[in-house]
2 protein chains.
Amino acid sequence: MSRVVPVSGFPEWAPEERVIERHVIETLREVFALHGFAEIETRAIEPLDRLRGDSDAAKEIYALRRVLADADDGDSGVGLHFDLTVPFARYVEEFSGRIAFPFRRYQIQKVWRGERPQEGRFREFYQADIDVVARDTLPAHLEIEVAAVVARALGRLPIPPVRIHVNDRRLVEAFYGGVGVADIPAALRSVDKLSKIGREGVAAELRGAGVSDAAIEACLDLAELSAPDASFADDVRALALRNGIPEEALAEGIASLTALVDGINAAVPGVARADLRIARGLDYYTGAVYETFLEGHEDLGSICSGGRYDSLVRVGGSTLPGVGISVGVTRLVSRILSVGLATATRGVPSAVLIAVADESSRTGSEVIAAALRARGIPCEVSPNAAKFGKQIQHADRRGIPFVWFPGESGDEVKDIRSGEQVSADAATWAPPTDDLWPRVERG
Amino acid sequence: MSRVVPVSGFPEWAPEERVIERHVIETLREVFALHGFAEIETRAIEPLDRLRGDSDAAKEIYALRRVLADADDGDSGVGLHFDLTVPFARYVEEFSGRIAFPFRRYQIQKVWRGERPQEGRFREFYQADIDVVARDTLPAHLEIEVAAVVARALGRLPIPPVRIHVNDRRLVEAFYGGVGVADIPAALRSVDKLSKIGREGVAAELRGAGVSDAAIEACLDLAELSAPDASFADDVRALALRNGIPEEALAEGIASLTALVDGINAAVPGVARADLRIARGLDYYTGAVYETFLEGHEDLGSICSGGRYDSLVRVGGSTLPGVGISVGVTRLVSRILSVGLATATRGVPSAVLIAVADESSRTGSEVIAAALRARGIPCEVSPNAAKFGKQIQHADRRGIPFVWFPGESGDEVKDIRSGEQVSADAATWAPPTDDLWPRVERG
């Protein structure tokens, strides 16, 4: 039996930390559902060839093999999903006869990636995704809506304000094409690493791919442009002019990005910023792309990313357009925990410990507990009939705020924080609302 | 890219089926929390040597290897957990400094087993576990409590009544020892297969293991005994007498099982049955063992199993006793779905579709939606400004009961099931409580 040590990249939380993670997940869930997104879950595994579809992700896959008693039966042909988008696309295909389009779904599950763990980057982590997939055309207002929904959801969490950086693949691709970049997807993947490897690093990669120095300069200059509103457009036009790109080549992309940044800011004022640096490494994006940063925690990287895709979902020979965005729940929670952005009032659900005077009266304590639970009050009966002082100590160690003392001439309940003890009836007494369940407070 | 087909043993649900699965999970969660069980989650993986600890389970493990871009880095030394007990034992060891004992936890997660899929038996499935682990001694009332808690939780689900069959390892082991069985754990594993391979099959296994014919007969006779109350004890004593086992050898076991069946039935009348057939294949059980059957669905096998263990959890050189029970959530849900024990009122969260008269007035519809959501009413704005008849059709296809029509001289809302249309104000109108969220109804 191996020694017990945490496994790097596979985080686990103490019970009071799990209260915070659950709060984050339930808050996202509620906002998503209020916006009409239905929940689905997909199996943890997909066929390896489907997972390998995107070349960039292949290195991150965990493949599965069944271990039999004495041997193993080799490659099972499946691996753990590394995101929720690939499984969702497959789910839509499989369930297309049972869902109505445009299909709005949310999905909150763990995903796995083999990459090297580091601060905010894990091998097992929760993602919370919303996507909309349409049957024929996907209206641009849905590219605005998914960003607005996550902005509202993140706004309810105990975290600093977020800024959603948006870009549009149509604009960037037209620009890259305009300066003569041949392999645009490869160039996008290089520019996506800008914050990681810097201008020089990106330039070296592009040069290696045969991109001219002038084009490299132009692409990097484009990536420098950003604005909190439509004013990015003039800068893009000026840069295009300097690089000999005809204005009409960028017209559609500029219009799309303008509508996107203005639309999100109309829905959630000040949350969106046009940022021409946002590239996203994944080949399947075709329009809006998003990355989201937490004010004062930009080192964490994007906590919420996504975009529009037009040929990821295939149903009956045709492709269905979609748009989606994914919250990095574990990345957020790990930061909330590591810098104390929030704390849980306690780690155990119980608001009340019912004391036991002696083992022969345990049934009486159970009856009191049942009465409280029937009224929605979480409680537990003392594990033993130790002296009351010991039982109070036990409640204190568990973080339980109240201790209930059954008495032949009437019960009493003690708030062990204040020491106040009052008469109480299990049919009517309730703790203050703030004490009923564990709560999450901003730290 | 592979064709899209369901993967045997990895079930997925349509949105309205997921509503039912969520209802089951949330009901269990609420009852567990009301009883003071704190939630934890553990990582999906454990070191292979820890998973292999129990010989019987080894054949069921999915091992992981990282697949790199061009090669793979071989065995990662970890595999997916096949239950939540082994990870929980490791968690207690790792977090022992941060939790108070007796530690009461619940855990609802997916687990994976490589075994052959069949009706009610999956390769990926949800389990919902509660366990209590004590620092020194584990009082017998906790063996009663965990069974009572799941009985109460299952009693709230849209399923037929359940019967918890209980036994006590101390009693069975004393009896087996008394008739001269040498390898008691192996004999228990054989008897555990009684319902699968029958008396003859078990007898053959035991004979192969060198157990005498008389002992085989005695063990199989013991497995025939069962009663809804303490009356099993007389039958056991009579059988012991016939096999020359001194009465005092079984006294402790009989007393334990009597207390267990009486205690559970006192807490939840009629739910428990003493059943000397219950063996459980796992070596680590040392006292109470449980299996649970759904009335009229006994073919499904046990939907909820567990037991007491005394040396599974190790902290600082000593072992900590515990008791736990695990609900097979996916097994239950799959049966609820396959025979229609329950249905969801709809698969989408939205109670209201806000119509859009023309795209220029979309913002007005969004404002109405925001007002409803602020009051906790789930809704969505129509994806397009088609004719109202088309928009109503869209709501109908999605299962949304109400359509809201913004109007310059006041809004109206239509119940599309009855056709009734009334004036409405987004600041005050609400759907009937039954329509607010999707609900689960007994089928």
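Every number here is computed from the coordinates shown, using simple stated rules; none is lab data. It should be emphasised that the depicted structure is a prediction, and the values quoted were computed from it without experimental measurement. Every residue, glycine among them, receives a Cβ derived from its backbone with ideal geometry; neighbour counts consider all protein chains shown.
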Point-charge dipole on Cβ atoms (K/R +1, D/E -1) for the range A:162-294, about Cα centre, debye to 20: 360
In deg cm²/dmol and to the nearest 500, what is the mean residue ellipticity at 222 nm of chain B if only DSSP H runs of at least 4 residues count, each as -39500 (n - 2.57), divided by the residue total? -11500 deg cm²/dmol
Taking a label point 7 Å out from Cα toward Cβ, give me the nm distances from residue A:363 to the same spot in the other copies, shortest first, one decimal. 7.0
Treating only the Cβ atoms of Lys and Arg (+1) and Asp and Glu (-1) as charged, compute the dipole magnitude of the protein assembly as shown about its Cα centre; round to the nearest 20 debye. 160
So, with points 7 Å from each Cα along the Cβ direction, the residue B:266-residue A:415 label distance in nm works out to 3.5
For the residue pair residue A:182 and residue B:442, what label-to-label distance in nm results when each label sits 7 Å from Cα along the Cα-to-beta-carbon direction? 7.2
Over the residues of chain A, compute the C-alpha Rg and express it relative to 2.2 N^0.38 Å. 1.22
If each residue of separation counts as 0.36 nm, what is the full-extension length gain between residue A:8 and residue A:425 once their alpha-carbon separation is subtracted? 145.1 nm
Gap in Å between the Cα centre of the range B:187-217 and the Cα centre of the range A:75-97? 44
Taking only the alpha-carbon positions of the range A:253-373 as identical scatterers, the Debye log10 I(q)/I(0) at q = 0.11, 0.14 Å⁻¹ comes out as -0.62, -0.77
Assuming R0 = 41 Å, what is the FRET efficiency of residue B:252 and residue B:295, from their Cβ-Cβ distance, to the nearest 0.05? 0.80
Output the 0 to 90 degree angle, nearest 10, between the alpha-carbon long axis of helix A:15-34 and the longest principal axis computed from the alpha carbons of chain A. 60
Compute the semi-axes of the equivalent ellipsoid of the protein assembly as shown, taking the square root of 5 times each eigenvalue of the Cα gyration tensor, and list them largest first in whole Å. 53, 32, 26
In degrees from 0 to 90, rounded to the nearest 10, what is the angle of the helix B:329-338 Cα long axis to the longest principal axis of chain B? 60
Note the count of lysine pairs whose C-alpha atoms are less than 24 angstrom apart in chain B, limited to pairs 8 or more residues apart or on different chains. 5
Extreme residue, positive dipole direction of the range A:185-253, given options A:215, A:238, A:225 (C-beta unit charges): A:215
Per-residue average of other protein chain Cβ atoms inside 10 Å, peptide A:91-104 -> 4
In degrees, nearest 10, the alpha-carbon axis of helix B:169-178 is tilted away from the dominant principal axis of the alpha carbons of chain B by 30
Roughly how crowded by other chains is peptide A:42-53, in terms of the mean Cβ count from those chains within 10 Å of each of its Cβ atoms? 4
What full-extension length gain, to one decimal in nm, is calculated for residue B:204 and residue B:156 as 0.36 nm per residue of separation minus the Cα-Cα distance? 13.1 nm
When the Cα centres of the range B:237-255 and the range B:300-378 are compared, how far apart do they sit, in Å? 47
Among B:14, B:120, B:164 - extreme Cα towards positive end, dipole of chain B, charges at beta-carbon: B:14
Might you report the magnitude of the Cβ-based charge dipole of chain A about its Cα centre, with Lys and Arg at +1 and Asp and Glu at -1, to the nearest 20 debye? 680
Starting from a label point 7 Å past Cα on the Cβ side, list the distances from residue A:156 to the same position in the other copies, nm, shortest first. 2.1
Label-to-label distances across copies for residue B:296, with labels 7 Å out along Cα→Cβ, in nm, shortest first? 5.8
Could you give me the percent of Cα pairs per 10 Å distance bin for the range A:126-178, shortest bin first, beginning at zero and ending with the bin that holds the maximum distance? 18, 40, 31, 11, 1
Contact order relative to length of chain B, as percent, for alpha carbon pairs under 8 angstrom and 6 or more apart: 17
Taking the convex hull of Cα positions in the range A:162-294, its mean projected area over all directions (nm²): 7.3
Theoretical FRET efficiency, 1/(1+(r/R0)^6), r = Cβ-Cβ of residue B:390 and residue B:94, R0 60 Å, to 0.05: 0.55
Distance between modelled label sites at residue A:374 and residue A:345, nm, 7 Å Cα→Cβ extension: 2.5
